[in-house]
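To start, the structure under review is shown below, and the notes come after it.
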Amino acid sequence: MKETDAIDKYITDHIDKEPEYLKALYRDTNVKLLRPRMASGHLQGRMLKMFVRMIKPKNILEIGTYSGYSALCMAEGLEDDGKIYTFEINDEQEDFTRPWFDNSAYKEKIKFYIGDALDLVPKIDVAFDLAFIDGDKRKYIEYFEMVMKKLNPGGYIIADNTLWDGHVIEEPNSNDYQTIGIKQFNDMISDDERVEKVILPLRDGLTIIRKK
């Protein structure tokens, strides 16, 4: 076992246990979906729940639902009257994900949309206190600007994959649009005076952003 694997195991052995429902979802994600690593998993999932407990948002926006793991973790941390609005652009994902929401204890807290968040979110008359961005890396700047218009002052944005397996410190190929997108997003955020920001080196990088 590599040292990093041993540390990861030590961490997950010493934090809140992964709920059985999420454990089953993670297993099903790995068996049935093509890119299972896209699911948040035990550590990041418990952290997302903790962030929700700390921030106490009334409404959460998620861009990039995938298998629903992260949405369920955040829904778990919501107060009784809280809601999460989660958007998935890939319509082929719906048949897998929607039953996991519908059969969960948090069904009433989750509003699941299929379509492009950039088109759909501006049409929703909801202000958000927390947003989790985990969609198309090429569009992170567009997502961010759209979210800022819908985010209450003092609200938070969590952007996933912002270290991109370390590729952010490399010179990307001219056709590596995802790495280019992440690097441009990181550069823009670092200079944006509208927000406070910090990057956590958890898994593939999480940027925590607070709107002033």
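Laboratory data are not the source of any read-out in this text; all were calculated from the coordinates shown. These numbers were taken from a predicted model, which means no experiment stands behind them. Every residue, glycine among them, receives a Cβ derived from its backbone with ideal geometry; neighbour counts consider all protein chains shown.
Net charge of the neighbourhood of Leu118, taken over other residues with C-beta under 15 Å away and scored Lys/Arg +1, Asp/Glu -1, is -2. Evaluating 6.51 cos²θ - 1.76 cosθ + 1.60 at θ = phi - 60° for every residue in the stretch 96-108, the Karplus couplings come out as 7, 7, 4, x, 5, 6, 5, 9, 8, 6, 10, 3, 6 Hz, glycine and proline recorded as x.
A crude spin-label estimate for the pair Glu171 and His14, with each label 7 Å from Cα along the Cβ direction, gives 4.2 nm. Which log10 I(q)/I(0) values does the stretch 112-212 give at q = 0.13, 0.17, 0.20 Å⁻¹ under the Debye formula, counting every alpha carbon as one identical point scatterer? Result of the Debye calculation: -0.45, -0.76, -1.03. Using only side-chain charges placed at the Cβ, +1 for Lys and Arg and -1 for Asp and Glu, the dipole size of the chain relative to its Cα centre rounds to 500 debye.
Ordered by the number of other Cβ atoms lying within 10 Å of each residue's own Cβ, fewest first, Leu78, Leu61 fall into the sequence Leu78, Leu61.
Annotation for the stretch 1-65: trypsin sites (Lys or Arg not before Pro) lying in DSSP loop with at most 12 further Cβ atoms inside 10 Å of their Cβ are Lys2, Lys17. Cross-link reach is defined here as a Cα-Cα straight distance under 19 Å, omitting same-chain residues fewer than 8 places apart; for Lys123 the lysines meeting it are Lys58, Lys83, Lys111, Lys139, Lys149, Lys150. The base-10 log of I(q)/I(0) for the stretch 1-117, evaluated at q = 0.13, 0.14, 0.17, 0.20 Å⁻¹, reads -0.50, -0.58, -0.83, -1.11 [Debye formula, identical scatterers on Cα atoms, solvent excluded]. For the stretch 3-211, the residue among Thr86, Tyr177, Leu34 whose Cα projects farthest onto the positive side of the dipole built from Cβ charges is Thr86.
Once the C-beta distance of Glu79 and Asp5 is scaled by a Förster radius of 35 Å, the resulting FRET efficiency is 0.45 to the nearest 0.05.
Neighbour counting of Cβ atoms within 10 Å sorts the residues Glu193, Glu79, fewest neighbours leading, into Glu193, Glu79. When shorter helices are ignored and each DSSP H run of at least 4 residues is given -39500 (n - 2.57), the per-residue value for the chain at 222 nm works out to -12500 deg cm²/dmol.
Maximal additional length on extending the Lys197-Met50 stretch stands at 51.1 nm, based on 0.36 nm per residue less the C-alpha distance.
What is the calculated FRET efficiency for Arg138 to Lys111, with r their C-beta to C-beta distance and R₀ = 35 Å, to the nearest 0.05? It comes out at approximately 0.85. Ranking of Ile114, Ile182, Ile209 by neighbouring Cβ atoms within 10 Å, starting from the fewest: Ile114, Ile209, Ile182.
Summarising the amide proton neighbourhood of Thr65: residues at separation of 5 or more, or on other chains, whose placed amide H is nearer than 5 Å comprise Phe87, Glu88, Ile89.
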